[in-house]
1. Could you tell me what a quarter of the Cα convex hull surface of the protein assembly as shown works out to, in nm² with one decimal place?
2. GluC sites (Glu not before Pro) within region B:94-197: which are DSSP loop residues with at most 13 other Cβ atoms inside 10 Å?
3. Pairs of alpha-carbon atoms within less than 8 angstrom and 6+ residues apart define the contacts here; what relative contact order does chain A have, in percent?
4. Quick check: net charge around B:ARG175, other residues with Cβ under 11 Å of its Cβ, Lys/Arg +1 and Asp/Glu -1?
5. Report the far tail of the P(r) of region B:17-124, meaning the percent of Cα-Cα pairs longer than 25 Å.
6. Only sites in a loop by DSSP and with at most 15 other Cβ atoms within 10 Å count here; which GluC sites (Glu not before Pro) in region A:1-84 make the cut?
7. Multiplying the sequence separation of A:GLU141 and A:GLU118 by 0.36 nm and subtracting their Cα-Cα distance, what value in nm do you get?
8. Please list, or write none, the lysines whose alpha carbon is within less than 23 Å of the alpha carbon of A:LYS40, excluding same-chain residues fewer than 8 places away.
Number of protein chains: 2
Amino acid sequence: MGKGEETRAAVLDRAVDVARRLGLNGLTIGSLAEQAELSKSGLFGHFRSKEALQLQVLAHARTGFEVAVARPALRTPRGEPRLRKLFDLWMDWDALPGGCPFVAASTEFDDRPGAVRERLVRDQRDMIDMIATVFRTGVAEGHFRDDADADQFAQDMYGVILSRHHYLRLLDDERADQRARHAFEALLHAVRRIPSD
Amino acid sequence: MGKGEETRAAVLDRAVDVARRLGLNGLTIGSLAEQAELSKSGLFGHFRSKEALQLQVLAHARTGFEVAVARPALRTPRGEPRLRKLFDLWMDWDALPGGCPFVAASTEFDDRPGAVRERLVRDQRDMIDMIATVFRTGVAEGHFRDDADADQFAQDMYGVILSRHHYLRLLDDERADQRARHAFEALLHAVRRIPSD
DNA sequence: CCAAGAAGAGCACGACCGTGCGGAAAGCAC
DNA sequence: GTGCTTTCCGCACGGTCGTGCTCTTCTTGG
């Protein structure tokens with residue numbers, strides 16, 4: 001890895017941190033340069049426009065998600081264990097300082113057409129589709145009822161994550177975690193093969 | 001109502017629209033003045049700072065929520081009917097162009113301390129507490145199990161609203177509504193007095 | 001209808017934004 | 001170690017931001 005790639009990666013690390021807290025618009029070139037201890041133009045040279053920077057921040061964040069959430073989950077046994085692991089890791093990922101950067105970016109760009117929005121839609125769709133896919137393998141394993149709707153489950157589970165995100169970050173409610181886990185258990189209970197208890 | 005109040009209200013109407021789409025930061029004085037057909041300084045005179053403008057936008061949006069959601073819901077018979085009405089109206093409110101302005105503002109300000117954030121926390125807490133309160137009257141009416149946790153229900157229901165918000169606005173998924181209603185029915189089913197079926 | 005006061009326009013300010021250029025300094029291949 | 005290439009800085013630009021001043025125009029109470 002040449003010098004260029006090295007500093008670019010370091011800058012992107014900082015940039016994702018900022019994007020978590022302030023979003024992709026709050027991410028300004030001047031302040032980012034300051035944090036990275038580079039001159040504004042020095043930093044700018046690595047990305048040829050602000051939009052390109054935002055796109056690379058998204059790509060970098062996506063890689064982080066894959067490393068911290070997706071891949072470890074997929075290394076867990078198929079079915080319910082994998083789904084649980086996915087949920088747990090996702091919660092951890094969203095509990096990093098600033099929260100999930102995709103959540104912040106989503107509300108920022110849901111009404112701003114352009115390349116950033118398109119990229120964001122793709123990433124979010126992939127992330128959410130992953131829930132549905134993992135759920136379907138759970139059906140195939142016989143853990144979940146085979147008349148259960150995987151897309152319904154994905155939307156429900158993402159709702160649990162999102163409300164916990166808001167409760168935790170805006171309302172500072174320390175019981176948010178516990179309630180989110182309770183809600184997830186209820187979702188699982190509703191789709192289990194042989195509902196007991 | 002004097003002339004001042006009149007134009008200020010008109011400006012705030014436009015401002016809430018903008019805040020729905022672009023958030024409270026995307027809301028810029030110059031562009032707002034343009035839309036309101038006022039000079040920048042003419043508009044600025046009504047609010048003595050940008051922060052004051054943002055606070056008044058929040059207050060205006062809250063009034064809108066009360067008129068469109070809270071009050072009509074409270075005019076509906078207590079218990080499950082009222083809770084259903086609350087959910088339906090909330091969904092309509094969030095389906096207005098740009099979506100619920102509080103959702104946009106929440107992710108923007110969850111990491112920006114200050115008066116705006118504090119006001120936002122108060123408003124959001126009130127809105128969500130309303131769910132719990134309506135739910136509790138449903139328990140008192142005998143519609144819901146009296147061992148059901150109202151705060152848990154509130155967080156769950158808000159999650160349904162939030163995930164629908166994302167699916168609808170970012171992902172353009174037209175089945176989001178249907179799934180949200182299905183999820184709400186499932187929530188109701190789980191807390192009903194005598195679980196049947 | 002007239003005067004006091006409010007509402008709004010015009011203009012300017014310092015700060016920061018994203019962006020570009022030219023030169024210095026560092027990294028790197030041979 | 002020399003020479004080319006990449007990396008980075010200094011500086012400047014046009015534009016927009018929030019804010020404040022002064023001055024004109026309108027509204028409104030008596």
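The values are calculated or read from the model by the stated rules, or taken from the named source; none is laboratory data. The structure presented is a predicted model; accordingly, all values stated were derived computationally and were not measured. All Cβ positions, glycine included, derive from the backbone under ideal geometry; neighbour counts span all protein chains shown. Side chains included, ligands, DNA and RNA excluded: accessible areas come from the protein's heavy atoms. Shrake-Rupley method; radii C 1.70, N 1.55, O 1.52, S 1.80 Å.
1. Values: hull surface 87.2 nm².
Convex hull of Cα atoms, orientation-averaged projection: 21.8 nm².
2. Numbers: sites: B:GLU108, B:GLU118, B:GLU141, B:GLU174, B:GLU185; in loops: B:GLU141, B:GLU174.
Passing both the DSSP loop test and the Cβ count: B:GLU174.
3. Relative contact order for chain A comes out at 20 percent.
4. Working: positive: B:ARG164, B:ARG179, B:ARG181; negative: A:ASP149, A:ASP151, B:ASP172, B:ASP173, B:GLU174, B:ASP177.
Net charge in that neighbourhood comes out at -3.
5. Details: 1688 of 5778 pairs.
Roughly 29 percent, once rounded to a whole number.
6. Working: sites: A:GLU5, A:GLU6, A:GLU34, A:GLU37, A:GLU51, A:GLU66; in loops: A:GLU37.
Those that pass, being in a loop and sparsely packed, are A:GLU37.
7. On the way: separation 23, 0.36 × 23 = 8.28 nm, distance 3.44 nm.
Going from the current span to full extension adds 4.8 nm.
8. Answer for A:LYS40, where 23 Å is the Cα cut-off: A:LYS3, A:LYS50, listed by chain and number.
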